[in-house]
Each structure stands twice: as structure tokens, then as C-alpha cells.
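Colleague: Have a look at the structure that comes next, please.
The values are calculated or read from the model by the stated rules, or taken from the named source; none is laboratory data. It should be emphasised that the depicted structure is a prediction, and the values quoted were computed from it without experimental measurement. A quick note on method: Cβ atoms are made from the backbone with ideal geometry, for glycine too, and the neighbour counts reach across all protein chains shown. Please note that ligands, DNA and RNA were not included when accessible areas were found on the heavy atoms of the full protein model with its side chains. Shrake-Rupley method; radii C 1.70, N 1.55, O 1.52, S 1.80 Å.
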Amino acid sequence: QVQLVESGGGLVQPGGSLRLSCVASGSIFSLNTMGWYRQAPGKVRELVAQITRGGTTNYATSVKGRFTISRDNNKNTLYLQMNILKPDDTAVYYCNRYPSLPTWGQGTQVTVSS
């Protein structure tokens, strides 16, 4: 059974920080590359960052240097530390395997606004 539960979103001012968490079922998490995705209003869902089981990371150009993806393989938990947030980062954030599975969690809303 696929389970993905994201949390940690909220309203933050430009320049602020948030840390997102995602608990995934073991069948998804343990052996796979995982990713954070986001979908802004009126836009397609995009990959923001990915991390292999061994910890190798890759980022979208728009977030490189500001966001940090990490994982705790013992807890089946994925994290996204987001710093220097911008209004363009406003979106619903999701975690999933990379490449993604058809099933998605509910996501967590991040709103960057003054």
C-alpha cells in the first residue's frame, strides 16, 4: 500500500524558512530515489529536488543554493529545508518516488507572502 504524508507547510514572509517532512511507506522509500515536487496554481507539477538512497542530491535550478533535501532511511522520512523563500516558491509541495508513482499524498501548502 502506497502511503505518502507530507507536513510542515505554512505561511511565511519572503526571505523566511520552512522545513517540510514526508513519511512514506517502506515499500516506496527503502530502495528508491525520492523527490520533492511542487505544483503552483495554474502550473504543472514540477520536480524540485531528488535524493538517492545513498544521499546523492540534485536540484532544480530555481531552488539550488536555497533548498536542501535529506532523508532518514531508518524512519522512512524525507525532508526539505527551504531557506530564502520567494513568492514564486508558493505551491503545494508533494513527496514521491523519483520517477513518481501514480499515487500522491495530500501535499502541504507553502505560501510565501508579505
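Colleague: Using only protein heavy atoms and a 1.4 Å probe, report how much of I84 is accessible, in Å² to the nearest 10.
Modeller: Counting only protein heavy atoms, I84 exposes about 100 Å² to solvent.
Colleague: Same structure again: Cross-link partners among lysines for K86, C-alpha distance below 26 Å, same-chain residues fewer than 8 apart left out?
Modeller: K43, K64
Colleague: Right, next: For a Förster distance of 30 Å, can you work out the FRET efficiency between the beta-carbons of R53 and N83, rounded to the nearest 0.05?
Modeller: Given R0 = 30 Å and the Cβ-Cβ separation, E is 0.75.
Colleague: What number comes out for the charge environment of L78, summing +1 per Lys or Arg and -1 per Asp or Glu over other residues with Cβ under 13 Å away?
Modeller: +3
Colleague: Ignoring ligands and nucleic acids, what accessible area does R38 show with a 1.4 Å probe (Å², nearest 10)?
Modeller: In the full protein context, R38 sits at about 20 Å².
Colleague: How much net charge surrounds R66 when only the other residues with a Cβ under 9 Å from the Cβ of R66 are counted, with Lys and Arg +1 and Asp and Glu -1?
Modeller: Charge balance near R66 sits at +1.
Colleague: For the chain, report the translational diffusion coefficient in µm²/s to the nearest whole number, using Stokes-Einstein at 25 °C, 0.890 mPa s, and a Kirkwood Rh over Cα pairs.
Modeller: Using the Kirkwood radius from Cα pairs, D works out to 177 µm²/s.
Colleague: What are the semi-axes of the equivalent ellipsoid of segment 59-114, taken as the square roots of 5 times the eigenvalues of the Cα gyration tensor, listed largest first and rounded to whole Å?
Modeller: Computed over segment 59-114, the values are 21, 15, 11 Å.
Colleague: Can you give me the C-alpha center-to-center distance between segment 36-63 and segment 89-103, rounded to a whole angstrom?
Modeller: Between the Cα centres of segment 36-63 and segment 89-103 lies a distance of 8 Å.
Colleague: Show that you can apply the helix-only estimate: for the chain, add -39,500 (n - 2.57) for every DSSP H stretch of four or more residues, divide by all residues, and state [θ] at 222 nm to the nearest 500.
Modeller: Per the formula, -500 deg cm²/dmol.
Colleague: In whole Hz, with x marking every Gly and Pro, tabulate ³J(HN,Hα) for segment 82-87 from phi via Karplus 6.51 cos²θ - 1.76 cosθ + 1.60, θ = phi - 60°.
Modeller: 10, 10, 6, 5, 10, x
Colleague: Below 15 angstrom from the Cβ of A24, what's the summed charge of the other residues (Lys, Arg +1; Asp, Glu -1)?
Modeller: +2
Colleague: Residue-wise, which Karplus ³J(HN,Hα) couplings in Hz belong to segment 17-25, taking 6.51 cos²θ - 1.76 cosθ + 1.60, θ = phi - 60°, and x for glycine or proline?
Modeller: Using θ = phi - 60°, the values come out as 9, 8, 10, 9, 10, 9, 9, 10, 5 Hz.
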